[in-house]
Amino acid sequence: MGNNAVVDAARRALGPVGIALAASLTSPIDIDGQRAAVVRLDSAGYRTVWTNETVGGKDALVQLAVLLAATRRTVFGTGIANVWAREPETLHGAASVLAQAYPGRFVLGIGGGYPQQAAATGREFGSPLSKMRDYLDRMDGPTMPPTPDAPYPRIIAANGPKMLALAGELADGALPAGGPPAFTAQARQVLGPDKLLVVGLTMVPGSDPARARQGARERVSAGLAQPWFAAAVARLGFSEQEIAEVSDRLVDTMIAHGEPAAIAAKAGEHLAAGADHVALLPPIGTDFATGVDQAEWLAPALRDLH
């Protein structure tokens, strides 16, 4: 049902903005490189780092255990731990151990994944809403042996009204991604003031504004190929012509792009719309080392956000 003390503590720990580690689609990143990267990000001023998970690839909880041990104060979050990667009882047990070992430094984001990920585990995708409700119910069910009594914030990837409502009912908050500030405002309205709202903001940094906008346009175009994303954009009031043409207004509203000040300004719009924390997301497939260099480049512009 959520815990106000847990939410309040998470808000203080996360800070206004964090960074996601870039994820390579072609090769694993050596763990020494990851350790070095999070130390660099801490030195740059990032209080929070987010990581993702692929079914059959890396385990997000194991990765965070290593990275938490490599740092002394950085908060880490899963964006997201995939429901198809492990049983809910196992996820809760692992999360509880991390929360006990590193108090106040761990946020669990959970997401429903995609049909191909369910198929990879030999299961039917079914209804994402029903799957998430059952998953959360089982996380709170009896365990054997008992898990550590170590609370941690639990937030749900939610890009639609029904999943947002479920996040408000059964979790500590939500983690929508890829939407504009108007959707952040809607999410806050659905969740109410007592839930944690972490917003994933896709960014295309670059010193050449035209090139960065073109990169952002390509990301929006790719997103519009997904029916749920196209429907969400239409609900936000963009015209059929704007969607078909992938207009400048659509691109500029959805994606943070360009110089550090522009990236910071877009993150600030989401904070003003009701987000507690904005997680900056490098485009999928960004080279890991490039992502870390970009994060360091952006850091000074982000320090005044609140």
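Residues being outside any loop (DSSP other than H, G, I, E, B) and either open to solvent by 70 Å² or more (accessible area, probe 1.4 Å) or touching a strand residue (DSSP E or B) at 6+ places or on another chain (Cβ under 6 Å) (or both): count how many of those fall in the range 118-148. Qualifying residue count for the region: 6. When Ala37, Ala23 are checked against the criterion of being outside any helix (DSSP H, G or I) and touching a Phe, Trp or Tyr at 6+ places or on another chain (Cβ under 8 Å), Ala23 stands alone in meeting it. When the residues of the range 265-281 are filtered to those that are in contact with a strand residue (DSSP E or B) (Cβ under 7 Å, 6 or more places away or on another chain) and open to solvent by 30 Å² or more (accessible area, probe 1.4 Å), the one that is nearest to Val107 (Cα to Cα) is Asp276. Out of the range 49-65, which residues are touching a residue at least 60 places away in the same chain (Cβ under 8 Å) and either in contact with a Ser or Thr (Cβ under 7 Å, 6 or more places away or on another chain) or among the aliphatic types (A, V, I, L, M) (or both)? Matches in the range 49-65: Val55 only.
Here Thr253 does not fit the description of being farther than 15 Å from Leu302 by Cα, part of a loop (DSSP other than H, G, I, E, B) and either of a type in the set (D, E, K, R) or open to solvent by less than 50 Å² (accessible area, probe 1.4 Å) (or both).
Looking at the range 237-265, I want the residues that are over 21 Å from Val278 (Cβ atoms) and of a type outside the set (A, V, I, L, M, F, W, C) and have a partner that is at pLDDT 95 or above and surrounded by 12 or more Cβ atoms within 10 Å (Cβ to Cβ) with Cβ atoms under 6 Å, at least 6 apart or on another chain. Which pairs are those? Every condition considered, the pairs that remain are Glu242/Leu250. Of all residues in the range 254-266, those being closer than 20 Å to Val233 by Cα and either of a type outside the set (A, V, I, L, M) or in contact with a Leu (Cβ under 6 Å, 6 or more places away or on another chain) (or both) number 3.
The values are calculated or read from the model by the stated rules, or taken from the named source; none is laboratory data. Remember, predicted model here, so these are calculated numbers, not experimental data. Glycine also receives a Cβ, built like all others from the backbone with ideal geometry; neighbour counts cover every protein chain displayed. The accessibility values were calculated without ligands, DNA or RNA, using every heavy atom of the protein model including side chains. Shrake-Rupley method; radii C 1.70, N 1.55, O 1.52, S 1.80 Å.
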